[in-house]
Amino acid sequence: MAETRSTCCYCGVGCGVIIEHDHGHITGVRGDPDHPANFGRLCTKGSTLHLTATPATHAVRALYPELRTDRAASRARTDWDTALDHVADRFAAIIREHGPDAVAFYLSGQFLTEDYYVYNKLAKGLLGTNNLDTNSRLCMSSAVAGYKQTLGADAPPACYDDIPATHCLFISGSNTAFAHPIVYRRIEDARAANPAMKMIVVDPRRTDTAEQADLHLPLLPGTDIALYNAMLHVMLWEGWINDDYIAAHTEGFDALRKLVREYTPDMAAGICGLRKQDIETAAEWFATSPATLSMYCQGLNQSTHGTHNNAALINLHLATQQLGRPGAGPFSLTGQPNAMGGREVGGLANLISAHRDMANPAHRAEVAALWGVPSVPDKPGYSAVELFRAINDGKVKAVWIACTNPAQSMPDQSMIHAALQKAELVVVQEAFGHTETARYADVLLPATTWGEKTGTVTNSERRVTRVRSAVPAPGEARHDWQIGVDFARRLGKRLGDLCNGALAEKLFPYTHEEQVWMEHRESTRGRDLDITGLSYRMLEEQGPQQWPFPEGATQGKVRLYEDGVFPTKSGKAQFVATEHRPTAEEVNARFPIRLTTGRLRDQWHGMSRTGLTARLYAHEGEPLLHLNPSDIERRGMKDGELARVKSRRGDIVIKVLATETVRPGQAFLPMHWGANAMSGFGINTLTVPDFDPYSKQPELKHAAVQVEKYKASQHMVALGVPGDNALATLEALRPALASLPQGSLTLAGRDKPIVVLRAEADELSSQLLEQVDAALALDDDTQVLSYRDSRRDIGKRARLDGDKLAAVRLTGETKAAGWLQNMVVGEGSATEARKWLLAPLAEPPGGAQARGKVVCNCFDVSETDILAGFKGGESLEQVQGRLKCGTNCGSCIPELKRLAASCKG
Ligand code: SF4
C-alpha cells in the first residue's frame, strides 16, 4: 500500500487529497490534513473519487486510440502514430486550403496548467489562430471580465481565510452548500465561532444555502443589477459610502451616483420581486459591517449581462471600501478545478499568456518574443458558442475537443449536435470514451485523468497546487500535454514555413511537464500573477502557494489591493455604471415559466466521472424538473408525473418534483443530465445560446419555457445487473435509451451498483424489450419468473440469483418498482417475497416503509430515518449521534438542519 498527495479534480475549491493505492490500483482517498484549502475534509464527490478509478470503470475509459476515416463506419482501434499522423494530415490540408482559422481547439477547465500551456502555444504560437476556447467560457468568463473592468486584472482579491474574518457574508448566485461544499464547511465553522456574523443569500431558489441565511433575497432571475444599484442607492442616501476611499482610489463614481439615483428600493423591489425593506436591510448589513465578503458564482456569470452583474456587485465593495483587508472583498468561486490556471496561460480565445491583453501590440510582442515566433495573432478567436456556430456554418472545418463534453454542456444542444455532425473532422481527446461528445469523434485519443496525471492547478484563492500521479496510465492513455507536443511536432513537419511549422521542434522541446511549467513561470515575470518565486521543488517542500509570488518573495500574497493600488492605467479602480437589462428571453403567455439551472449536491458537471458511482445518485437519482406545487396543480398534474418542457429551441419530457424551493412561475433543472442519462439531448436542449457582449458567456441560467402534462400509454422500469459490472450494462442499454421518446438511464445502489432504466412511450416495441431483457439477462424463459397480460399490455419478468432478486423488468404496471429496486440493491433474501415479486403492490409485502432518498451518503442514511428521529422528538445532535449522519464529510448538514426545522414548524 502506498500513498500519494494530489488534488481533487472536481470544483475550484481545490481540496488536497491523499490517494491510497496498491500495485498500480487506486484503493482509497482521504482529505489531506495539511492542505490549506480543506485541512483534511472532502465532500461527497471528493471522498468517492477512488470509486471512479476502479478497474470496472475501464468499461467506459478511452484506453486506445481509435480512428474512422468513413463517417458511416464505426471507429476502430489504431496506434498512436496512425492516429496522430491522420489528424496532422487533415489539419495541414485544411490549413493549407482555408487558413489557420479553419481549425479550432475546445479545451477544459479540468486541464492542468501544463496541458493548457502547450495547447495555447500550439494554436497561437505554431498555427497563428486564436481559435482556442474552453468550457471555462461557460462558467467563469463573466467573472474574469467583471474583475478586469473594475479592478483591472483577473485576480480574485480575497481568500478562504477571509471567511472566518468576515462579519457579513453576501452570497449571490451560488448554492455554496452544494457546489463548493468544503467552502461551506468553513462558513459553518465561522458562523459557529461568531454567531453575530450575518449571512445574506441572493438566489431565486430557496436552496439549502439560502435556507440557512439570516436574510434570503429570492430575486427574479436576471435582476441582480437592479438589486445592487438599489443597495448603492440606499448606501448613498444613508451616507454609508466611503468618500475618502472613492476619491483616493477609484474613478467613475459620479456617473454611477447619477445612475443609481432612480434605483430606489421601491423601484428595485418591483423589478426584482423582493420586499423593499429586505433590500434596505441588505444594504445596511453590507455597508456597515466591519468587513463584508461577497461570494458568487454562476448565478451572476451565466447571464447575457454577466460581466455587469459582477461589476455592479464589485461597485458596492469599492463604494464602501469592503475590500483589501481581512474579511472583505469580492470573491468569485471557481466552478472548475483549474479554470484559474487556464486563464493564467491565456487559454481563452480572447486572452494571451499571463493575463496579457490581446489587443495590446506590446503584449503580443512580449509573448511572440517569449515563444520565439514572429508574431501572435491579434484577432480574437471564436468563443465557445461562436465556435460551434462557426462549425455549423462550415467556417471551422476541424475541431479538437479535449477533456470536455460540449454535446452535453453547451446551450442549445440541437445546434451543437448539428455542428458536430457537420464538422469535417472531430478529434476528441478524452479519458472517458462514453461521453456524448465522444460519439462524434472521428479520432478518439485516450488521455490520462485524475490519479494518473501530474502537473499543477490553481484554485479559487489563487493557490497553485501540485497534482501528482499515483498509478500508471491505463491502456495506451497519454498525458494531455504529451499528446499536444507530439501532435505539434508532426503538424509542424507538414506545415513547414506555412504558419510557424518550421519552428515546431524548437517550440515544443518538452520531455517533462516541469519544463512546460518553467516556461509558463517565466511568462508571468513582472505581471500581476508573477510566480517567478515558485518552483516545483518549493511546491513539494512547502506545499501549495498563492500568487503573486515573485522572485525573492518568501510567501505569496494572501489578499490583493490592501494598498488601494489597482492594476489599471491610473492605478485606480473603475466604477462601472450599468443599468438593469432584461434576460435574453422574457416570459410571456406562450412561455410563462422562468427556468433556472444549477447543481445537485452529489453530481458534477456532465457526470462523465460522478455518473460512474452509484451512491452519488442516491440523493437525487433521476432527472427531475423542480416545480412549485401550485404550478403542478394548475396543470392538472401530480408530483412525480411527467411533463413536457418546451423552450424556443426544443423540448424534453421529464418527471416533475413538487418543491417549495422554487417560487410559483419558476422551475429548476439540474445541469447534469445529458443524453447519456435521459432521452433526447438532455436539459441543455432548452437553454439559451445568447451571450454577454464582453465575456461571451452564454445565459445558461435562464430560459423562458412552457410546461404541460405529458401522458404516455406505456411505462417501463427495468433494473438490475448481470454479473458485477454495472457500467458495462449501462453502455449496453444506451441504444435502448436513445430510441425512446422519454426515459432515463441511471445507476442505483451502493456496494453493488445496479442499472435503472425508466421509460414512457405510446408503444414499447418487442425489439426494445428484447434489447432490455438481453442486457439484464432477463431473456432466458427457463431462468426468469414471468407474467404477461396481453389484453392490458402488462408484462413482468424477474430473475433470481439464488435467493436474491437480481433483475426486474416491469411494463404496463410499474408501481412495485420502488420496493423491488430496494430489494435488488439491498441483496437480502427474496424467498419470503417471492410470491409477490410480480404482484401489483405499491408497498413491499409486510408493509416495510420505503427508504426515501439518501441524505447522508457517507453513512447511507435515508430521509425517512432522519425524519422519524425528528418527529419522535430527537434533536439534531441526537439524530446525528444515533445515525451518524453528517458526522463525516458534512455535505448533508445543511439538509439535516432544514429537515430539523421543517419538523419543528
Ligand atoms: Fe473536491 Fe468537494 Fe473539495 Fe470541491 S469541495 S475540491 S468537489 S472535495
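V688 meets the stated requirement of being crowded, with 24+ Cβ neighbours inside 10 Å, under 18 Å from the mean Cα position of the chain (by Cα) and not in a strand (DSSP E or B).
Being in contact with a Lys or Arg (Cβ under 9 Å, 6 or more places away or on another chain), part of a loop (DSSP other than H, G, I, E, B) and more than 10 Å from the ligand (Cβ to nearest atom) narrows it down to one residue among S6, S74; which is it?
On the way: S6 fails: part of a loop (DSSP other than H, G, I, E, B).
Result: S74 is the single residue among S6, S74 that is in contact with a Lys or Arg (Cβ under 9 Å, 6 or more places away or on another chain), part of a loop (DSSP other than H, G, I, E, B) and more than 10 Å from the ligand (Cβ to nearest atom).
Among P195, P218, P181, P164, which is the only one that is open to solvent by 10 Å² or more (accessible area, probe 1.4 Å) and under 24 Å from the mean Cα position of the chain (by Cα)?
Numbers: P195 fails: under 24 Å from the mean Cα position of the chain (by Cα); P181 fails: open to solvent by 10 Å² or more (accessible area, probe 1.4 Å); P164 fails: under 24 Å from the mean Cα position of the chain (by Cα).
Exactly one of P195, P218, P181, P164 is open to solvent by 10 Å² or more (accessible area, probe 1.4 Å) and under 24 Å from the mean Cα position of the chain (by Cα), namely P218.
Determine which member of the set A473, A418, A438 is under 24 Å from D79 (Cα atoms) and open to solvent by 20 Å² or more (accessible area, probe 1.4 Å). Please lay out each step first, then the result.
Working: A418 fails: under 24 Å from D79 (Cα atoms); A438 fails: open to solvent by 20 Å² or more (accessible area, probe 1.4 Å).
After applying the criteria, what remains is A473.
Looking at segment 657-668, is at least one residue open to solvent by less than 10 Å² (accessible area, probe 1.4 Å), touching a strand residue (DSSP E or B) at 6+ places or on another chain (Cβ under 7 Å) and β-branched (V, I, T)? Within segment 657-668 (the criterion being open to solvent by less than 10 Å² (accessible area, probe 1.4 Å), touching a strand residue (DSSP E or B) at 6+ places or on another chain (Cβ under 7 Å) and β-branched (V, I, T)), the answer is yes, since at least one residue qualifies. The set of residues from segment 195-211 being touching an Asp or Glu at 6+ places or on another chain (Cβ under 8 Å) and part of a loop (DSSP other than H, G, I, E, B) comprises just one member, R206. Screening A726, A759, A777 for residues that are among the hydrophobic types (A, V, I, L, M, F, W, C) and surrounded by fewer than 22 Cβ atoms within 10 Å (Cβ to Cβ) leaves exactly one candidate, A777. Taken over segment 304-335, residues that are surrounded by 24 or more Cβ atoms within 10 Å (Cβ to Cβ) and out of contact with any strand residue (DSSP E or B) (no Cβ under 9 Å at 6 or more places or on another chain) amount to 6. So is A56 in a helix (DSSP H, G or I), among the hydrophobic types (A, V, I, L, M, F, W, C) and open to solvent by 30 Å² or more (accessible area, probe 1.4 Å) or not? Criteria met by A56. In segment 824-833, the qualifying residues are those that are over 33 Å from the mean Cα position of the chain (by Cα), without any contact (Cβ under 8 Å) to a residue 40 or more places away in the chain and open to solvent by 20 Å² or more (accessible area, probe 1.4 Å), and the one that is farthest from V721 (Cα to Cα) is E832.
Does segment 30-53 contain any residue that is free of Cβ contacts under 8 Å to residues at least 24 places away in the same chain, within 16 Å of the ligand (Cβ to nearest atom), open to solvent by 20 Å² or more (accessible area, probe 1.4 Å) and closer than 29 Å to L730 by Cβ? There is at least one residue in segment 30-53 that is free of Cβ contacts under 8 Å to residues at least 24 places away in the same chain, within 16 Å of the ligand (Cβ to nearest atom), open to solvent by 20 Å² or more (accessible area, probe 1.4 Å) and closer than 29 Å to L730 by Cβ.
From the set of residues in segment 9-28 that are in contact with a helix residue (DSSP H, G or I) (Cβ under 8 Å, 6 or more places away or on another chain) and part of a strand (DSSP E or B), which is farthest from the ligand (Cβ to nearest atom)?
Keep residues of segment 9-28 that are in contact with a helix residue (DSSP H, G or I) (Cβ under 8 Å, 6 or more places away or on another chain), which gives 9-13, 15, 17, 19-20, 25-28.
Applying the additional criterion that residues be part of a strand (DSSP E or B) yields 17, 19-20, 25-28.
Values: V17: 7, I19: 13, E20: 16, H25: 21, I26: 15, T27: 18, G28: 14 Å.
Within segment 9-28, the match that is farthest from the ligand (Cβ to nearest atom) is H25.
Annotation note: Cβ proximity below 6 Å between a residue of segment 15-26 that is of a type in the set (D, E, K, R) and a residue that is at pLDDT 95 or above and away from the ligand (no atom under 16 Å from the Cβ) (sequence gap 6+ or interchain) occurs for E20/E3; E20/T27.
For segment 266-301, the set of residues classified as crowded, with 24+ Cβ neighbours inside 10 Å, touching a helix residue (DSSP H, G or I) at 6+ places or on another chain (Cβ under 7 Å) and not hydroxyl-bearing (S, T, Y) consists of A268, C272, I279, A282, A283, F286, A287, L293, M295, C297, L300, N301, listed by residue number.
Within segment 162-201, the residues that satisfy the criterion of being within 12 Å of A291 (Cβ to Cβ) and either of a type outside the set (A, V, I, L, M) or within 12 Å of the ligand (Cβ to nearest atom) (or both) are D162, P164, T166, H167, C168, F170, N194, K198.
The values are calculated or read from the model by the stated rules, or taken from the named source; none is laboratory data. As the structure is a computational prediction, the values presented were derived from the model and not from experiment. Glycine also receives a Cβ, built like all others from the backbone with ideal geometry; neighbour counts cover every protein chain displayed. Surface areas here come from the heavy atoms of the whole protein model, side chains and all, with no ligands, DNA or RNA. Shrake-Rupley method; radii C 1.70, N 1.55, O 1.52, S 1.80 Å.
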